[in-house]
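This report refers to the structure that appears directly beneath it.
The values are calculated or read from the model by the stated rules, or taken from the named source; none is laboratory data. What you see is a predicted model; the values in this text were computed from it and never measured. Every residue, glycine among them, receives a Cβ derived from its backbone with ideal geometry; neighbour counts consider all protein chains shown. Ligands, DNA and RNA are stripped out before the accessible areas are found, and what is left, the full protein with its side chains, is counted by its heavy atoms. Shrake-Rupley method; radii C 1.70, N 1.55, O 1.52, S 1.80 Å.
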Amino acid sequence: MNLVFADWAIIAAYFVAALAVGLAVSRRAGRSTASYFLSGRSMPWWLLGTSMVATTFSTDTPNLVTDIVRQNGVAGNWVWWAFLLTGMLTVFVYAKLWRRAGVLTDLEFYELRYSGKPAAFLRGFRALYLGVFFNVAIMATVTLAAMKIAGVLLGLSPVATILLAGGVTVVFSMAGGLTGVLLTDFLLFLTAMAGSIAAAVVALRHPDVGGLSNLLAHPNVAASIDLLPDFSDPAAYVPLLVVPLAVQWWSVWYPGSEPGGGGYVAQRMLSARNEQEATAATLLFNVAHYALRPWPWILVALASLVVFPTVDSLREAFPNLPESILGHDLAYPAMLTFLPAGLLGLVVASLAAAYMSTISTHLNWGASYVVNDFWKRFVEPDASERRLVLVGRVSTVLLMVLASLFALWLQNALQAFQILLQIGAGTGLLFILRWFWWRINAFSELAAMIVSFLVAVYLELVHPALFPAAPLGPTVKLLMGVGITTAAWIAVTFATRPTDEETLRRFYALVRPGGPGWAPVVRRAAAEGRPLEAAGERWTVPQGILAMLAGCFAVYSALFGIGSWLYGRYLVAAALTAVAIVASVYLVRVWGAVSRGVPEPVDREVPAQ
């Protein structure tokens with residue numbers, strides 16, 4: 001496509017503004033690792049929440065949603081809508097626990113919660129496993145989407161796209177640290193939302209689509225608009241609804257939706273000024289992520305079924321694109337080719353914003369693991385703060401290089417999504433329980449990580465090679481991964497020694513998780529005259545679970561209420577809107593009991609580092 005002067009001016013203005021913010025805070029970011037990776041733990045909730053939303057608003061997200069809608073209908077989105085349960089559990093149970101821990105990264109948690117060499121090994125290994133291997137895979141999917149979009153809209157080759165987009169993002173990420181990421185994310189989110197809404201409006205006005213009512217009535221679309229799968233067909237509702245809601249949300253580790261919180265979500269919570277702001281930031285993220293953003297993408301995906309009904313039609317429309325990147329997810333950037341001059345610049349800038357916000361966050365997050373949990377902990381313990389910031393900046397460049405190489409190998413966003421789900425299958429329950437069950441130890445986590453990875457390798461690579469005539473579906477593979485991994489780490493938990501008693505007591509005194517899972521530790525400490533709980537302290541997890549359920553009702557009702565208003569189902573829409581309002585009012589009342597501070601424990605021990 002040919003961009004006019006107005007388009008280039010909009011794109012240039014966006015890049016100048018984003019880079020200016022990063023450079024403006026570069027000196028402040030370079031003062032220390034706490035400044036570079038946590039912004040001095042002084043960020044407000046609204047900025048942190050917006051940053052989380054901007055991070056998950058990546059270039060691969062609309063492509064993924066389009067891929068899902070084209071193959072499984074709107075109801076297929078339950079594969080990621082189900083993660084709202086994980087998100088709300090993090091909001092009302094785990095956000096304040098993370099903030100109390102006071103660690104620099106969530107991996108530092110391991111030597112706070114566990115003891116000895118196994119804890120140290122776990123911390124260092126996961127720094128490379130998550131910060132490099134897993135993180136590179138995530139960034140590769142985002143870069144893959146950028147390659148497809150740039151190829152369709154601008155005619156750029158995959159290598160040219162990587163050099164341009166990756167190079168700009170690396171410079172920005174190295175300069176500003178987390179503060180630069182947070183400040184520009186606010187701009188990026190507004191730009192990305194404006195672009196996605198503009199894309200939806202133009203898609204609906206396409207001559208072949210003819211408006212919203214004609215789109216919904218079109219034979220290519222009518223069977224794909226239902227919000228729930230066909231309950232007369234188990235092959236449809238079991239993998240699309242039952243498994244995500246019954247198993248996937250609590251059992252699978254996925255970036256941005258980690259059971260119990262973690263990754264860049266934990267990084268944002270640790271950057272908050274206090275527990276209450278950490279909770280508010282995470283709540284804002286989940287409301288915006290699930291209730292506000294999906295519909296513009298969904299409308300473009302549905303319109304693409306009219307304009308480009310098959311992959312062959314995409315191939316005919318874009319004959320110069322490499323066969324390796326042709327797929328249903330290409331339909332989203334294909335629909336953007338109909339944008340008029342001027343508006344095209346806004347949408348291209350919004351997609352660049354989505355790319356930069358996600359990549360910059362993952363670069364900073366991954367570098368924090370490499371620096372704090374590997375380099376400083378095992379390679380150069382006495383390194384100065386300036387030296388560590390330098391290592392972080394070098395790590396940022398290397399991570400981008402690895403992600404770019406992996407992106408050239410991938411083919412589509414859904415493929416990558418399913419691989420990541422499979423690698424994390426079965427580990428989620430451990431991440432939920434490790435805060436509330438004293439018996440879980442470092443060997444439990446090592447077993448979960450190793451077994452889940454080996455099972456994923458077998459199911460994704462070995463089994464297809466050995467039994468090509470008997471392929472396993474994604475649902476079967478996910479359930480196998482969850483079952484095998486969960487059974488393995490539970491067995492290892494009981495077969496190995498528990499964490500050192502003093503470590504358990506320090507952790508409990510600092511984080512104050514409460515609950516029956518810690519009763520043996522609390523009783524033993526009290527018997528020795530070292531009580532870990534103060535008078536009047538109570539366990540707020542039951543109220544947190546009530547708040548979680550109320551939050552899910554509110555967000556799901558808002559999500560489906562918006563869809564029903566768009567579909568013209570006004571009675572259903574009004575009822576869902578009413579449910580969202582009632583659930584929100586109840587949530588506010590319950591939240592007071594959850595977020596209210598508890599008395600400090602009697603034995604206020606400081607954890608050994």
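Here residue 467 fulfils each of the conditions (1) at pLDDT 95 or above; (2) aromatic (Phe, Trp, Tyr); (3) over 15 Å from residue 442 (Cβ atoms) apart from (1). Of 313, 357, 350, all but one fail to be in a helix (DSSP H, G or I), of a type in the set (Gly, Ala, Ser) and open to solvent by 20 Å² or more (accessible area, probe 1.4 Å); the exception is 313.
Of the residues making up segment 4-58, those that are at pLDDT below 75 and assigned to a loop (DSSP other than H, G, I, E, B) are 25, 30, 31, 32, 58. Filtered by the rule that a residue be at pLDDT 90 or above, surrounded by 19 or more Cβ atoms within 10 Å (Cβ to Cβ) and either in contact with a His (Cβ under 8 Å, 6 or more places away or on another chain) or farther than 25 Å from residue 259 by Cβ (or both), segment 500-553 gives 505, 525. Listed by position, the helices (runs of 4 or more DSSP H) contained in segment 217-291 that have at least 2 residues being open to solvent by 20 Å² or more (accessible area, probe 1.4 Å) and more than 24 Å from residue 361 (Cβ to Cβ) are 234-237. Taking every residue in segment 454-465 that is closer than 12 Å to residue 477 by Cβ and open to solvent by less than 60 Å² (accessible area, probe 1.4 Å) and pairing it with any residue that is basic (Lys, Arg) and in a helix (DSSP H, G or I), at least 6 positions away or on another chain, the pairs with Cβ-Cβ distances below 9 Å are 455/477; 456/477; 459/477; 460/477; 463/477.
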